[in-house]
Amino acid sequence: MMQASITIFTVKDIAASLAYFRDKLGFDVAFEYGNPTFYVGLCSGEVSLHLIAATQTPRLPGHGAVSIFVDDVDALHADLVKRGVRVLKAPKDYDYGLRDFDVADLDGNMIFFGMESQKASWCRSADLLVRS
C-alpha cells in the first residue's frame with residue numbers, strides 16, 4: 001500500500017531556491033545533501049518537497065507542479081504577497097469545489113494552493129485530498 005509521495009523540483013540554483021522556499025514560502029529545511037549541496041528536503045506541516053540541482057539530473061528546471069491543500073487560502077495568499085511572492089492568479093472559487101491560487105518558484109515550477117470552497121465529494125487518502 002502506498003503511504004505518501006514527495007514532489008521533486010529541478011532547479012537551476014539550489015541555494016537561491018532553498019532561500020526562496022524557506023524565506024518566501026515558509027518551508028522548513030529538513031536536510032541538505034552533498035558538498036556542495038545539490039539536493040534539499042523541505043517541509044511545511046504535512047507537506048514534503050525536495051529540490052535537486054539541474055546539474056545533477058537530466059530533467060529540466062521549471063517543468064514541475066504541485067498542489068498543496070491548506071486551511072485558509074486567503075490568509076496564506078495575504079502572507080505570501082507580504083513576503084514578496086509573485087502570485088500568478090489570485091484566490092478564486094471554482095465549480096470543482098476548490099478555492100485556490102497559483103504561484104511559481106524561481107524556475108517556473110507551479111505551486112497551487114487550495115482549500116475546499118463548497119460541499120464536495122472528496123476522499124482523503126494518505127492525507128491528500130483526491131476528487132472522487
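Every number in this text was worked out from the coordinates using simple rules, so none of it is lab data. The shown structure was predicted, so the numbers you read here are calculated from the model rather than taken from an experiment.
Under the criterion of Cα pairs below 8 Å and six or more residues apart, the relative contact order for segment 7-131 equals 23 percent. From helices alone, the chain scores -3000 deg cm²/dmol at 222 nm; the rule is -39500 (n - 2.57) for each run of n ≥ 4 DSSP H residues, then divide by the residue total. Straight Cα distances below 14 angstrom link Lys82 to the aspartates and glutamates Asp23, Asp74, with same-chain residues fewer than 8 positions distant left out.
With springs only between Cα atoms under 10 Å apart, run a GNM on the chain and tell me which of Gly62, Gly26, Gly84 wobbles the most. Sorting by GNM fluctuation, first place goes to Gly84. May I ask for the angle, rounded to the nearest 10°, between helix 73-82 and the longest principal axis of the chain, with both axes built from Cα atoms and the value confined to 0 to 90°? Approximately 40 degrees, to the nearest ten.
Looking at segment 7-131, the pairs of alpha carbons with a distance over 21 Å make up 41% of the total.
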